[in-house]
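Report on the structure given below.
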Amino acid sequence: MSDWRGYDVDELAAWCGATHWVGSSANAVPGSRTTERPGSGSGAAAEQPATRGPEPGIYQLATDSRSAGLGSDTLFIALKGKSRDGHRFLLDAYQQGVRCFLAEQSADLPGPAHWLLHPDPLGALQAIAAAHRARFRYPVMGITGSNGKTIIKEWLAHLLAPDFFVVRNPRSFNSQIGVPLSVWAMRPYHEIGVFEAGISLPGEMPRLQRILRPDIGLFTQLGAAHDEGFANRTQKLQEKLALFSEAKVLLYCADQLAVADAIQERYPDRERVTWSAEGRPADLQASCGDRQWVLQWRGREFRLIPPFDDPFSRENLLHALTAALHLGVMPIALPGRVAQLTLPELRLNVQRGVGGLVLVNDAYSADLGSLQLALAYAARQGGNLPRTAVLSDLEESGMDSDLLCRELARSLRDNGYSRLLAVGPAISRADAFTGLEVNAFEDTDALLQALPALELKDQLVLIKGARRFHLERVADALAEKVHGTRLEINLTALAHNFSVYRDRVPAGTKIMVMVKALGYGAGDAEVARVLEFARADYLGVAYADEGVALRQAGITLKILVLNAALESLSTLQRYDLEPEVYDLATLEHIREHYPGMAIHLKLDTGMHRLGLSEQDVHELVLAPQRLRGLRLAAILSHLSAAEDPAHDAFTRDQLARFERYSNQILQAWTQENPNQPAPLRHLLNSAGVLRFPEAAYDMVRLGIGLYGYDPAALFRNRLRPVSRLLAAVAQIRLVPAGESVGYGRAAMLDKPTRVATLTIGYADGLRRSLGKGIGAVAAHGKRMPLIGNVCMDMCMVDATAVPELQEGEAVEVFGGQIRLEEFAAWMQTIPYEVLTSVSSRVKRVYFVE
């Protein structure tokens, strides 16, 4: 396999037990070994004797038809989930160039394709990955446990990199799907594999063990994560230990007595390599002082200064050190390598840049697997913008330099990049980047000096490189220069919350997501792109200009405009936006002047804000010709208090009114438009989806729930916060007792106080009712109360209890340690207002985990 370029399709079929068939019909008999004329369709008449040409070499695996870089060397696996069936996207994948499919059944396609037919595509994918892994004889380490798997894996890869070519999971790809896709990255030139494996239910780990078959096992720790999936912690521990059934060596912390006892009992004959920070017998003894650690590896002492001092990082680092030492890294090499460790950036940052740039910053890792993820994500963020990549030498790949550069060039071209800024002695001298405009630089300093002359404007710029090149400096140079307050938007959490609600609604029910008010402060275009990728059905905005901005950003989803003034109708028609109509006069105006415009008819069922009243509905039903020729897309209403059980009787009355009013209108509309499809009906908001699912009708509307706040308090532990507001420490000073702080001398100090001034004020959304002891910010796991009056651009906090706080650090205002609901209560308002009040001058930084 020294020059491996993929597998023959029949080879893959044999590995997973699939039937291999070639054709384009959904109805041909599997195993017939027939081909069809392109476009001939299904049926016996279309079948021809098999004349099979050369088999495609399968080099890539894909489970998502939206992945960038799909082509004839890709096997697309059609997986079924709770709410999505990959078989629905076979045509999409074919149109991306895929010609080989692993699926339960074939489908009608425009031309011939290779079909691997199997009743369990996920099991077949795992069997293919297991066979691929079996081809390699170098050591494989499997990491499992409740927490720390990804950080330990990343740190261990860094510690090993100078001595070994390491292959590992990209990011947190440790699931039933992520593990086989990660193992597929194993290549002959690697020297060791480091893979994490995670489970959430009993019975899952044996499937991952059969794929990984680790020679070495590392157990991180046993904690609360995924407790809900197991009867108790003992069961969870035993399920996780199944990963090590063939491992010859097991690594763990001797101080975790439950883990140590379980391993001793289950695997008494295995070699065990352990560490201890409490003086128990172990291979690595650790004395962890505040500034320096004294370590003994099997009696040999060495010292190092850790870059982190929190207990979680200490435990993770000791796991990584133990594994590195066992694999042969010399103790003398470790202090220097540890000093370069950072908390791994397990996320891609997206932010606005100067000159209309969209910056995708992934400047903390450099391997082909994570590059493919970054390219795919960046392609979704950039819309139709031209694309430039800033890449350094990929020092962790282990590939021959020429082969690596050819792979890079192929990936860049496949993903629509036209320009490369190459940084590093290897990549800058390569001549493999044909078809790309290339600017080469020996190092990052040379690139920074040349930036003004490169004229980067109105384009997407992906920045990715090895740590030693510090390409984050390039991102900083290109970023918009705004003040130190920022709102971080976790797009992974947003997609997670969408999935939580999608799993809650009945199958076939459409989902509209409200992105009004700049996506509840998160940024409408950025949020909309994630939702488009997640296959939401509709977006909702408040005003026409919000919908126009989304269209100009390249969003193609259907968009409802809630407050559509008469004078905006021509704009709505031009940009294919759908107005909410809530009075008979506007309905008549649209029928006369915009008969082809799709509309949503709003009914007032008790909220008494907007909508047709019961009398209006009665008039419309008596004169149904007023509906003739209208393009009625939907009928809707709005619930007033779906989140509050105290008002359930009122809510059920609203449900009954909507059923009655909408049925009357549907009957009248069908009478006048017998050949038109029936309009949708949508009523439920985020709280309604959870509390009244029986009223889902044809579509539901998600609002605040998507952003991680559950007003019904039913899904609070399942939703993830999306927005996190941070401010910078501008200055810290020790103010003597008896002095005052801030305008109006509102804070009189009765003791010496360490006062920190933060770069956030009421012009940023920090209401002036805070301060004077009301509210707090968080840093280093501690809270610091606001003191004095909040100023327009700044505020002050008492940082006496956080002596480690330094000038320039970021502190959290809300979104993590301080929950959004708690912060809203301090401001005497609701989470909706908090999110939408964050000023537009606050920089939005988007990331995916």
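Working only within region 722-745, note down all residues that are free of Cβ contacts under 8 Å to residues at least 40 places away in the same chain and under 41 Å from the mean Cα position of the chain (by Cα). Across region 722-745, the qualifying residue is only R733. Condition test on E580, is it within 24 Å of L680 (Cβ to Cβ), among the acidic types (D, E) and assigned to a helix (DSSP H, G or I)? For E580, the condition - within 24 Å of L680 (Cβ to Cβ), among the acidic types (D, E) and assigned to a helix (DSSP H, G or I) - is not met. Evaluating G484 against the criteria (1) buried (at least 20 other Cβ atoms within 10 Å of the Cβ); (2) in contact with a strand residue (DSSP E or B) (Cβ under 8 Å, 6 or more places away or on another chain); (3) modelled with pLDDT under 90 leaves one unmet condition, (1). Among the residues of region 297-326, those that are of a type in the set (A, V, I, L, M, F, W, C), touching a helix residue (DSSP H, G or I) at 6+ places or on another chain (Cβ under 8 Å) and buried (at least 18 other Cβ atoms within 10 Å of the Cβ) comprise W297, L304, L317, A320, L321, A323, A324, L325. The residues of region 574-625 that are under 23 Å from V548 (Cα atoms) and of a type in the set (V, I, T), listed by number, are V581, T586, I590, I599. Of the residues making up region 632-679, those that are open to solvent by less than 20 Å² (accessible area, probe 1.4 Å) and not in a helix (DSSP H, G or I) are L632, A634, I635, L636, S637, L639, A641, A642, N673, P679. Restricting attention to region 734-766, the residues that are surrounded by fewer than 18 Cβ atoms within 10 Å (Cβ to Cβ) and not in a strand (DSSP E or B) add up to 13. Selection over region 418-432 of residues that are open to solvent by 10 Å² or more (accessible area, probe 1.4 Å) and either touching a Pro at 6+ places or on another chain (Cβ under 7 Å) or closer than 23 Å to A378 by Cα (or both) gives a count of 4.
Pick out the one residue from L61, L70 that is modelled with pLDDT of 65 or more, part of a strand (DSSP E or B) and within 33 Å of the chain's Cα centre (by Cα). Write out each step before concluding.
Details: L70 fails: part of a strand (DSSP E or B).
None of the other options fit; the residue is L61.
Among residues of region 671-690 that are farther than 21 Å from A598 by Cα, those with a beta-carbon under 8 Å from a residue that is of a type in the set (D, E) at least six positions away or on a different chain give the pairs S686/D710; A687/E643; A687/D710; L690/D710.
Can you pull out every residue in region 328-344 that is within 24 Å of L222 (Cβ to Cβ) and open to solvent by less than 50 Å² (accessible area, probe 1.4 Å)? Hit for region 328-344 is P344, nothing else.
Going by the conditions given, is L805 surrounded by fewer than 21 Cβ atoms within 10 Å (Cβ to Cβ), hydrophobic (A, V, I, L, M, F, W, C) and either farther than 22 Å from V722 by Cα or at pLDDT 95 or above (or both)? Lay out the reasoning, then the answer.
On the way: surrounded by fewer than 21 Cβ atoms within 10 Å (Cβ to Cβ): yes; hydrophobic (A, V, I, L, M, F, W, C): yes; either farther than 22 Å from V722 by Cα or at pLDDT 95 or above (or both): yes.
When the stated conditions are applied, L805 passes them.
Name the strands (runs of 3 or more DSSP E) wholly within region 772-849 that hold at least 1 residues that are in contact (Cβ under 8 Å) with a residue 60 or more places away in the chain and under 25 Å from the mean Cα position of the chain (by Cα)? Don't jump to the end; show me each part of the working.
Working: elements: 776-779, 782-787, 795-798, 810-814, 843-848.
Where strands (runs of 3 or more DSSP E) fall fully within region 772-849 and carry at least 1 residues being in contact (Cβ under 8 Å) with a residue 60 or more places away in the chain and under 25 Å from the mean Cα position of the chain (by Cα), they are 810-814, 843-848.
The set of residues from region 98-152 being open to solvent by 30 Å² or more (accessible area, probe 1.4 Å) and closer than 30 Å to A224 by Cα comprises L122, N147, I151. For region 226-261, a residue qualifies if it is part of a loop (DSSP other than H, G, I, E, B) and loosely packed, with under 15 Cβ neighbours inside 10 Å, and the qualifying residues are A231, N232, E246, K248. Number of residues in region 456-481 that are surrounded by fewer than 16 Cβ atoms within 10 Å (Cβ to Cβ) and on the phi < 0 side of the Ramachandran plot equals 7. Given the conditions (1) crowded, with 20+ Cβ neighbours inside 10 Å; (2) outside any helix (DSSP H, G or I), and given that G629 satisfies all but one, which numbered condition is not satisfied? Result: G629 fails condition (1) only.
With respect to the conditions (1) at negative phi; (2) touching a Lys or Arg at 6+ places or on another chain (Cβ under 9 Å), C795 falls short on a single one, namely (2).
Here A453 meets each of (1) surrounded by 14 or more Cβ atoms within 10 Å (Cβ to Cβ); (2) at pLDDT 85 or above; (3) among the small types (G, A, S) with one exception, condition (1). Reported count of residues in region 774-795, each being within 30 Å of S313 (Cβ to Cβ) and surrounded by fewer than 20 Cβ atoms within 10 Å (Cβ to Cβ), is 6.
Answer with yes or no whether R720 is in contact with a His (Cβ under 7 Å, 6 or more places away or on another chain) and modelled with pLDDT under 90. Yes, satisfied. If you scan region 689-718, which residues turn out to be more than 21 Å from R535 (Cα to Cα) and open to solvent by less than 50 Å² (accessible area, probe 1.4 Å)? If the condition is that a residue be more than 21 Å from R535 (Cα to Cα) and open to solvent by less than 50 Å² (accessible area, probe 1.4 Å), then F692, A695, Y709, D710, P711, A712, F715 are the ones that fit. Given the criteria surrounded by fewer than 21 Cβ atoms within 10 Å (Cβ to Cβ), in contact with a strand residue (DSSP E or B) (Cβ under 9 Å, 6 or more places away or on another chain) and of a type outside the set (D, E), does A623 qualify? No.
The values are calculated or read from the model by the stated rules, or taken from the named source; none is laboratory data. These numbers come from a predicted model, not from an experiment. Reconstructed Cβ throughout: ideal geometry from the backbone, glycine too, with neighbour counts over all protein chains shown. Keep in mind that these areas ignore ligands, DNA and RNA; they rest on the heavy atoms of the full protein, side chains included. Shrake-Rupley method; radii C 1.70, N 1.55, O 1.52, S 1.80 Å.
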